[in-house]
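One structure is given here, and the rest of the page talks about it.
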Amino acid sequence: MNSSIAPSPAGKRGRNSSVILTDRMCEKRVAQRAKFYDRKCPGLYISITTAGVATFSFKFTDRTTGKQRAGWLGVYNPETFTVEDARSKVYGLKAMGGEALAETFRDQKAAKAKRGKTVSDIIDERITWMKTPVKKPDGEMRPRLESWENTASHLDRFIRPRLGKKPAMEVTKHDIATLSNDIVAGKFGKPSVSNARHMRKAASGLFNWAAEAGRNYVTASPCVNLPKLDPEHPRTRVLSEDEIRTFWHGLDRDDLPYDRRTRLALKFELVTMLRSRELLGAHRDELFDLDGEHPRFDVPLKRVKKRRVIQQPLSDLAVEIIKEALISEDQQFVFESPMYKGQPIHRKAMADALRGTKNEKNKDKTKTAGLCELLGLKPFTPHDLRRTAATLAGDLGFDDAWIAKCLDHAASKKVEQIVPTVTGKVYNHSKRMKEKRAVLDGVAAELRRIIKEPQGRVRQEPSGTERNDDGEAGRCEEENARDFDWKIRRMMNK
C-alpha cells in the first residue's frame, strides 16, 4: 500500500489546509514538497520535502509592519523534537506577546545569518576594516592598522586555504593547533616557527574581532590555551672589525652591481642605528643644521615602528654620507630610487643588495650575487648593522639606557632601578639628545678608527710582495685589486 501523502491540488485553501499534525505524518514520504497547518495549534505548520525532512515553522502577524512573517522552529526528530514539542514552543512564543514575538524572530534571523559566515567571509571583512583610512595622531589619514598588509598576508597564505570554507562558528582550538603544527612541519613551504607564530597572532586578532559586540560572528576565539611553540632564537650576528673594514671599503668600489645610494644607505644604518624603514624615506625637509654644530634627522612617526617621532643626532660621518647621497638641489629624497625619480628606494633594496636577488626560473640560484658573497663575508642583514653599532657603543663604555635611546627602544632599567612605564609614556618627553649625540659621535669615531687605511710606508719587493716599515711582508695593492676584480667577475658570471 502506498503510504505517501499527497497535498490537495485545489487552490490555496487546499494547499494550506489544516489537519491535526501527528508524528506519524511527519515521518511519511511525499511525492512533492508539502505544507500542512496544525488544527490544534493555529500558526504552527510543517513543511515536508521529498527527501523526507520535516521542518516545523510558526506563522504570525508582525504588528510593527502589519505583515505576516514565518519563524523557523526546528527539524522534526522522533527523539528530541516531536509535534508536541513544537506545539509547546509555539504556546510559549504566543505568551510573550506580539512585539516580543516579532523581536525574537528578528534576532533569530540575524543570528542565523551571522552563524552562516565562513572564515573566508570574515577574513574579507577584517582586511577591509584594517585598511580603512582613519585620522592618526599626526593628523594624517592612514590605514587603521598600518601593518595590515603583513597581517592580510598571513590570513591569505595560511588561514584562508585551510579554513576558508568552514563556518567561523565551527572553528575549534584543534583546527588552529593543527594548522600551526603543519606550518612548523613545512607543509606550507619552508618549515618556520616564526610563520606559525605570526599565523596565530593574525588568527587571534581575526577571531577576537569577530567576537566583538555588534558582530558576534563567533561566540569566543578558538585561539586560547594553544600548545606552546618552540622558542625562536634571537639573532646575534655582529660584524667584527675586519668585517667592518672589508664591508666599508667594499661598498666604495665602482664595479659592484648595486646602486651607489643603496650602498650609502647601508653605511648610514651602521652609523645612525636607525631601522631601514626609518632611514630609507629620509626627505630633505627632515634634515636640520647639516652645516651647524647640532645636525639632526627627524623621522616622522608614520615611519617609526613604535609610532613616535625620532629625533636622531647626526655625527660628522653621517653628514658626509648624506651630502654624498644628495647629488643635486632638486633631489628631495636622500636615498632616491635609481628607477623611479622622486621616490625613495624600495624598503627591501638594502636586504636584496646584501643577500642577492633570486633567479625566477631557479629559486636555488641567485640572479645577482649579493654584497656579502662578493665581498667574502658571512651573510648578514641590514638589521645586524644596528646590532653591530650598538655593540661598538657598548664596548666603548656607554650606558645601556643611552644606547637604547639611539635604537628607539624603551629603557626599563637604569643602574638596576626599575623605571615605571608611565614615566616615559606620559610624563617624560625628553629626547635625550645630549646622550644620544655622545653615543653616535663615539660610534662614528670608532668606525673611523676601524676603517682607517694603514699609514706605514711600503717598499716594493722584486718578488711581487711588499714590506712596510715594520718589515712585515704583504701582497702589493695592485695584485690585491686584480684578485678582487677577478673574484667579483667570477661570481657574477655564475
Exercise. Of all strands (runs of 3 or more DSSP E) completely enclosed by the stretch 261-359, which ones contain at least 1 residues that are without any contact (Cβ under 8 Å) to a residue 40 or more places away in the chain?
Worked result: 296-299, 356-358
For this session: Go through 399, 441, 395, 384 for me and flag whichever is among the acidic types (Asp, Glu), surrounded by 13 or more Cβ atoms within 10 Å (Cβ to Cβ), out of contact with any Lys or Arg (no Cβ under 9 Å at 6 or more places or on another chain) and modelled with pLDDT of 90 or more.
Result: 441
For this session: Look at residue 236 and say whether it is more than 30 Å from residue 133 (Cα to Cα) and outside the structural domain of residue 440 (by TED's automatic domain parsing).
Result: yes
Exercise. Given the structure, is residue 286 under 19 Å from residue 136 (Cα atoms) and at pLDDT 90 or above?
Worked result: no
Problem set entry | Which listed residue is within 18 Å of the chain's Cα centre (by Cα), modelled with pLDDT under 90 and at negative phi, from 153, 147, 204, 192 | 147
Seminar exercise, completed: Being within 24 Å of the chain's Cα centre (by Cα), surrounded by 15 or more Cβ atoms within 10 Å (Cβ to Cβ) and over 20 Å from residue 448 (Cα atoms) narrows 308, 275, 235 down to just 275
Seminar exercise, completed: Within the stretch 201-230, restricting to residues that are more than 17 Å from residue 172 (Cα to Cα) and in contact (Cβ under 8 Å) with a residue 24 or more places away in the chain, the one that is surrounded by the fewest Cβ atoms within 10 Å (Cβ to Cβ) is 230
For this session: Test residue 138 against the stated conditions and say whether it is of a type outside the set (S, T, N, Q), over 19 Å from residue 208 (Cβ atoms) and in contact (Cβ under 8 Å) with a residue 60 or more places away in the chain.
Result: yes
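The values are calculated or read from the model by the stated rules, or taken from the named source; none is laboratory data. Just so you know, these numbers come straight off a predicted model, no measurement behind them. FYI the Cβ positions are ideal-geometry reconstructions off the backbone, even for glycines, and counts take in every protein chain you see.
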